[in-house]
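Here is the structure we will look at, set down as structure tokens.
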Amino acid sequence: MRILQNAPADGMIEPMTGGYLISPSILSADFTRLGEQIAEAEDAGADWIHVDVMDGHFAPNLSMGPAIVEACRRATKLPLDVHLMIEAPERMIDAFAKAGADLLTVHIEASPHVHALLQTIHDLGLRAGVSLNPGTPAEAIAEVLPLADLILVMTVNPGFSGQGFVEATLPKLRTIRRWANEGQNKPRIEVDGGISAVTAPLAAESGADVFVAAKAIFGHPDGIAAGLRALRAALEHATPEKASAAGKAAER
């Protein structure tokens with residue numbers, strides 16, 4: 001079993017802690033050079049590699065399956081952050097686990113059995129995440145929050161890279177940060193969609209600490225390393241102290 005950054009050496013599932021993490025999404029990578037581009041992102045300081053899986057039903061696009069995750073696993077030692085935007089994700093959990101995922105995130109809207117799904121993911125030795133779309137209220141995930149290692153707040157509607165950041169998701173992000181601060185398991189809070197050097201600080205100051213970026217990294221005009229540098233530089237102005245202050249403000 002591969003262990004995510006900040007996980008204990010014995011592989012037990014415990015809270016993920018630490019500073020901001022960047023998870024480049026290969027949705028905008030050049031698939032004719034996928035291994036090379038993943039290696040470039042790793043060399044440039046990426047923390048995780050994000051894989052967006054879409055089935056053409058839950059999300060209006062068709063993307064990657066277990067074979068791509070397996071290829072990514074061969075290309076990098078970084079944790080593979082696999083986001084399942086699919087109907088009935090319970091049918092595919094085993095396949096993605098066997099392919100080499102480290103963290104599997106399922107949508108609260110995609111199954112009536114998310115509580116059981118998160119337990120199953122943990123039983124497979126992986127970290128478990130739950131995601132919610134822009135139109136889904138924070139309250140939808142309240143009952144599964146204690147089981148989640150990661151909460152993924154979609155800041156665009158699922159489907160396509162390059163969409164504009166939905167600022168209306170920021171109050172929900174602050175609510176989830178407050179809940180996470182009050183809980184025992186202290187999940188990471190990830191944002192995905194329209195993340196750039198402009199929008200990442202907004203999300204960070206509302207409580208996010210993991211940032212998925214596709215076009216801002218793989219589509220950066222000066223290359224992958226420059227895209228990562230730009231995001232890191234932007235996040236330097238949104239310190240953990242500011243994120244903590246945002247969470248405390250949400251409590252009032």
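Hey, could you check the stretch 216-252 for residues that are charged (D, E, K, R) and modelled with pLDDT of 95 or more and say which is nearest to Glu167 (Cα to Cα)? Step by step, filter the stretch 216-252, then rank; the result is Arg232. Restricting attention to the stretch 16-27, the residues that are surrounded by 15 or more Cβ atoms within 10 Å (Cβ to Cβ) and either at pLDDT 95 or above or assigned to a loop (DSSP other than H, G, I, E, B) (or both) total 8. Within the stretch 146-158, the set of residues being buried (at least 19 other Cβ atoms within 10 Å of the Cβ) and farther than 17 Å from Ala213 by Cβ comprises Leu147, Ala148, Asp149, Ile151.
Here Gly125 does not qualify as surrounded by 24 or more Cβ atoms within 10 Å (Cβ to Cβ), out of contact with any Pro (no Cβ under 7 Å at 6 or more places or on another chain) and touching a residue at least 24 places away in the same chain (Cβ under 8 Å). Of the helices (runs of 4 or more DSSP H) lying entirely inside the stretch 129-240, the ones with 1 or more residues being free of Cβ contacts under 8 Å to residues at least 40 places away in the same chain and within 23 Å of Ser111 (Cβ to Cβ) are found at 170-182.
The residue that is surrounded by the most Cβ atoms within 10 Å (Cβ to Cβ), among those in the stretch 181-197 that are modelled with pLDDT of 95 or more and over 13 Å from Val156 (Cβ atoms), is Glu190.
Okay, residues lined up against (1) surrounded by 17 or more Cβ atoms within 10 Å (Cβ to Cβ); (2) modelled with pLDDT of 95 or more; (3) under 17 Å from the mean Cα position of the chain (by Cα):
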| residue | (1), (2), (3) |
| --- | --- |
| Cys72 | yes, yes, yes |
| Asp81 | yes, yes, yes |
| Met92 | yes, no, no |
| Asp102 | yes, yes, yes |
| His113 | no, no, no |
| Phe160 | no, no, yes |
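Restricting to the stretch 52-76, name every residue that is assigned to a loop (DSSP other than H, G, I, E, B) and touching a residue at least 40 places away in the same chain (Cβ under 8 Å). Result: Phe58, Ala59, Pro60, Asn61. The residues listed here are Ala44, Ala59; of these, the one that is within 30 Å of Glu205 (Cβ to Cβ) and over 17 Å from the mean Cα position of the chain (by Cα) is Ala44.
Can you name the residue in the stretch 26-66 that is among the polar types (S, T, N, Q) and out of contact with any helix residue (DSSP H, G or I) (no Cβ under 8 Å at 6 or more places or on another chain) and is also farthest from Ala208 (Cα to Cα) among such residues? In this case the residue turns out to be Thr32.
Residues in the stretch 104-128 that are among the β-branched types (Val, Ile, Thr) and either under 25 Å from Pro171 (Cα atoms) or not in a helix (DSSP H, G or I) (or both): Thr105, Val106, Ile108, Val114.
Would a scan of the stretch 28-48 turn up a residue that is of a type in the set (Phe, Trp, Tyr), touching a strand residue (DSSP E or B) at 6+ places or on another chain (Cβ under 7 Å) and modelled with pLDDT of 75 or more? Yes, the stretch 28-48 contains at least one residue that is of a type in the set (Phe, Trp, Tyr), touching a strand residue (DSSP E or B) at 6+ places or on another chain (Cβ under 7 Å) and modelled with pLDDT of 75 or more.
The values are calculated or read from the model by the stated rules, or taken from the named source; none is laboratory data. It should be emphasised that the depicted structure is a prediction, and the values quoted were computed from it without experimental measurement. Neighbour counts are summed over all protein chains in view; Cβ atoms, including those assigned to glycine, are modelled from backbone coordinates with ideal geometry.
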